[in-house]
1. Among 94, 111, 77, whose Cα projects farthest towards the positive end of the dipole of region 72-192, with charges put on the beta-carbon of Lys, Arg (+1) and Asp, Glu (-1)?
2. Pick out, from 221, 150, 23, the residue whose Cα sits farthest towards the positive end of the charge dipole of the chain, with +1 on the Cβ of Lys and Arg and -1 on the Cβ of Asp and Glu.
3. Determine, for each peptide in 154-160, 136-142, the mean count of other beta carbons within 10 angstrom over its residues, then list the peptides with the highest first.
4. Remind me, relative contact order of region 65-133 in percent, using alpha carbon pairs under 8 angstrom and six or more residues apart?
5. Between 0 and 90 degrees, rounded to the nearest ten: what's the tilt of helix 92-109 against the longest Cα principal axis of the chain?
6. Determine the shape class of region 1-131: with a ≥ b ≥ c the square roots of the Cα gyration tensor eigenvalues, call it rounded for a/c under 1.5, and otherwise prolate if a/b is greater than b/c, oblate otherwise.
7. Write out the chymotrypsin sites (Phe, Trp or Tyr not before Pro) in region 1-75 meeting two conditions: DSSP loop, and at most 10 other Cβ atoms within 10 Å of their Cβ.
8. Using DSSP, restrict attention to beta bridges with both residues in the chain and report what percent are antiparallel, rounded to the nearest 5.
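Derivation of every value follows stated rules applied to the coordinates shown; laboratory data play no part. Just so it is clear, the model here is predicted, and its values are computed rather than measured. No Cβ is skipped: glycine too gets one built from the backbone with ideal geometry, and neighbour counts run over all protein chains shown.
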Amino acid sequence: MLYFDPLYFIVLLPTMALSLWASWRVRSTFQRWSQYQNSRQMSGAEVARLILDRSGCSQVAIEHVPGNLSDHYDPAAQTLRLSDDTYNSRSIAAAGVAAHEAGHAIQDKVHYPMLRLRTSIVGFARIGSWASWILIGVGTTLMFYLHSPLGYYAMIGGVIFFSATVFFQLVTVPVEINASSRAKEILRQHGFASGAEIQGVEQVLNAAAWTYVAAAIGAVAQLLYFLLRLGLFSGSTDD
Ligand SMILES: [Zn+2]
């Protein structure tokens, strides 16, 4: 017997729509600004190198990784990884993304507290993520298919682990927004300052920030759904 829960769709449909809109927007904005060369005609890798060297982060390595929009900074390896669309591209979009990733390396160097917090909980959040789905899966099976009261406790445990991933997503938002505001400032300082250029960088980075906001809202909505389902808000367990 399949269990269909309308509450799941009521709580999560708007957040799924927001998440789809955010990922469509980041792709289309990146695509648009990939067509315009940046004023200094530098590749993403060159922009990142310039910013890192001038910000006292010469020890940070830059690597080329396959894929689209898979750019990231790895604090453990002190390595900035730029994807196909960024590494060799001389576009405004590539300069924006490269500067954003360099912004993360600078956060690391200046011990920006939210990045430190994010790095310190990443392992716990990863364990929390799979542990929560196992416990919630086992709990649902016990509760709805085997009618065992143990299922309720397994689900409570799952929701506690899930909270760790929600917390991680929430901490990620200010880290990302801060890296982007650093990026905009640094690009201006280094002569990437034509009107359209700054506008393009802003649009690309704002669109990227929305994907993190959407992910955080989605995680909170998912947590809210679990809490409502477990009756922790309504005070009953049989609705
Ligand atoms: Zn970032």
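1. 111
2. After comparing all options, I get 23.
3. My ranking of the peptides, most packed first, is 154-160, 136-142.
4. The normalised contact order for region 65-133 reaches 23 percent.
5. Helix 92-109 and the main axis of the chain meet at about 70 degrees.
6. Since a/c reaches 1.5 but b/c is at least a/b, the shape of region 1-131 is classed as oblate.
7. Listed in order of number, the matching sites are 3, 4.
8. Values: 4 of 8 bridges.
Of the beta bridges lying entirely in the chain, close to 50 percent run antiparallel.
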